[in-house]
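Structure first, then comments.
The values are calculated or read from the model by the stated rules, or taken from the named source; none is laboratory data. Source: prediction; values computed, not measured. All Cβ positions, even for glycine, are placed from backbone atoms using ideal geometry, and neighbour counts span all protein chains on display. Side chains included, ligands, DNA and RNA excluded: accessible areas come from the protein's heavy atoms. Shrake-Rupley method; radii C 1.70, N 1.55, O 1.52, S 1.80 Å.
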Amino acid sequence: MRKWLLSLLFVPIVASAQKQYFLPTDDPIVDEKEKPMIEVYLPKQEIANGCAVVLCPGGAMRWLSWESDVIKMASFLNEHGIAAIGLRYHLNKAPMPQGMKMPPMVDVTHPEAFPKADANPMHTPQGDSIICLAAKDAMAAIHMVRDHADEWHIDKHKVGYLGFSAGGGVAIAATMLAQAAGAAEGIPDFICTNFGPSLGPVDITKDAPPLLIMTRADHPNVAAGLVALFMEWKKAGADAELHIYGDGKGPYELMTQTGETTTETWSTQMIQWLKAKGFIKVR
């Protein structure tokens with residue numbers, strides 16, 4: 001009975017996008033459905049705190065887990081006064097190369113297996129080009145949010161990413177790209193990544209955005225890749241925090257908080273981190 005009541009209380013009100021915008025791209029896409037775009041989910045104005053999160057959904061760079069990583073997450077963020085921006089980024093539509101095998105699985109104790117935190121299991125010219133396009137989409141999303149900051153009641157200095165799985169890799173790639181280009185308007189103020197290691201080598205500077213990492217210790221490659229990412233941030237003297245949960249199961253998404261695992265608390269811990277870093281005012 002207790003579990004049933006907790007589950008019932010947890011069911012979020014489904015968020016609906018208030019605005020949709022296509023993003024600029026230098027990729028000649030023919031199909032309108034494949035154009036990169038953002039969907040904007042704004043909190044009630046009376047509780048808006050100025051913080052905005054660009055949601056980069058997971059899906060192995062081949063699909064987007066929109067319902068769990070954007071729709072449900074937007075409801076949760078809106079309830080906390082945070083604007084949520086769902087990002088539809090470029091995806092890899094090419095078939096898997098014939099004969100390509102997955103690399104050996106690396107556990108959390110061997111982050112050195114991923115130099116420069118590059119945990120991409122399959123580098124191919126096609127795949128890397130899509131990651132680059134997706135990173136440009138994420139940069140454009142940050143830029144667009146700041147352009148509309150006044151209209152959407154957002155503080156342009158409190159705009160960051162929350163990436164899930166491959167979406168975390170997109171957020172990190174976008175940050176590296178923006179920093180390398182000196183494009184200040186495309187650099188996020190913070191990065192949160194859930195189960196999302198870097199999909200390419202990183203080059204971190206001391207002024208890199210604060211980074212929050214959350215993962216489970218038993219996830220092959222991902223956990224080790226995220227430990228490596230944490231170490232790159234720390235070696236540069238940048239601000240990073242790492243949560244490695246030792247329990248839980250299933251997809252890494254918004255979870256019912258039953259008190260039976262620590263993994264299920266990641267969402268509330270993320271809110272606490274945003275408060276502690278000054279992106280949400282402590283009331």
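State the percentage of accessible surface on the stretch 145-198 attributable to carbon and sulfur atoms; use a 1.4 Å probe and exclude ligands, DNA and RNA. Don't skip to the end; give the middle numbers.
On the way: 810 of 1600 Å².
Using a 1.4 Å probe with all protein chains present, the stretch 145-198 comes out at 51 percent carbon and sulfur.
Whole-Hz ³J(HN,Hα) for each residue in the stretch 113-124, computed from phi via Karplus 6.51 cos²θ - 1.76 cosθ + 1.60 with θ = phi - 60°, x for glycine and proline: what do you get?
Karplus values, whole Hz, x for Gly and Pro: 5, 10, x, 6, 6, 7, 9, 5, x, 9, 7, 9.
Using a simple charge model, +1 on the beta-carbon of Lys and Arg, -1 on the beta-carbon of Asp and Glu, nothing else, what dipole does the chain show about its Cα centre, in debye to the nearest 20? Display every interim value, and only then the final one.
Values: 25 positive and 31 negative charges, 94 e Å.
Roughly 460 debye for the chain.
Take every Cα-Cα distance within the stretch 175-224, group them into 5 Å bins from 0 onward, and report for each bin the whole-number percent of pairs it holds.
Calculated over all Cα pairs of the stretch 175-224, the distribution is 4, 18, 26, 24, 15, 8, 4, 0 percent.
What number do you get for the stretch 67-152 when its Cα radius of gyration is normalised by 2.2 N^0.38 Å, N = residues? Could you put the intermediate results ahead of the total?
Working: Rg = 17.6 Å, N = 86, 2.2 N^0.38 = 12.0 Å.
Scaled against compact globular proteins, the figure is 1.47.
Stokes-Einstein at 10 °C, 1.306 mPa s, Kirkwood radius from Cα pairs: D for the stretch 136-199 in µm² s⁻¹? Display every interim value, and only then the final one.
Working: Rh = 11.6 Å.
Once the numbers are plugged in, D ends up at 137 µm²/s.
What are the extents of the Cα atoms of the stretch 174-283 along their three principal axes, in Å, largest first?
Principal-axis extents of the Cα atoms in the stretch 174-283, largest first: 45, 39, 21 Å.
Going down the table (K44/K136; K249/K277; K116/K249; K44/K275), which pairs top 26 Å between alpha carbons? Let's see the in-between values first.
Details: K44/K136 30 Å; K249/K277 29 Å; K116/K249 28 Å; K44/K275 19 Å.
Violating the 26 Å Cα-Cα cut-off are K44/K136; K249/K277; K116/K249.
Using the membrane-span-like helix rule (whole DSSP H runs, Cα extent along the own axis of at least 18 Å, mean Kyte-Doolittle hydropathy at least 1.0), which helices of the chain qualify? Each step should come with its number before you reach the end.
Numbers: long enough: 125-147 (33 Å, 0.37); 166-181 (22 Å, 1.35); 222-235 (19 Å, 0.96).
Helices meeting the criterion: 166-181.
For all pairs of alpha-carbon atoms in the stretch 17-76, what percent lies in each bin of width 5 Å, listed from the first bin to the last filled one?
Once binned at 5 Å, the Cα pair distances of the stretch 17-76 give 4, 14, 22, 25, 18, 9, 5, 2, 0.
Could you run the Karplus curve 6.51 cos²θ - 1.76 cosθ + 1.60 with θ = phi - 60° over the stretch 195-210 and give me ³J(HN,Hα) per residue in whole Hz, x for Gly and Pro?
In residue order, the calculated couplings are 6, x, x, 5, 9, x, x, 10, 10, 9, 10, 4, 8, 4, x, x Hz.
Nearest 5 is fine: what % of DSSP beta bridges in the chain come out antiparallel, could you say?
Numbers: 9 of 32 bridges.
Of those bridges, close to 30 percent are antiparallel.
Please state, rounded to one decimal and in Å, the Kirkwood hydrodynamic radius that the chain gives when every pair of distinct Cα atoms enters the mean of 1/r.
For the chain, inverting the mean 1/r across all distinct Cα pairs yields 19.0 Å.
Ignoring ligands, DNA and RNA, what accessible area per residue does the stretch 24-63 give at 1.4 Å, in Å²? Don't jump to the answer; show the numbers that get you there.
Numbers: 2060 Å² over 40 residues.
Roughly 51 Å² per residue, with all protein chains present.
Considering amide H positions built from the backbone, and no H for Pro or chain starts, which residues 5 or more places from C192, or on another chain, come under 5 Å of its amide H?
Excluding prolines and chain starts, which carry no amide H, the hits are Y161, L162, G163, L212.
Can you give the local net charge around G196? Use residues other than it whose beta-carbon is closer than 14 angstrom to its beta-carbon, Lys and Arg +1, Asp and Glu -1.
-2
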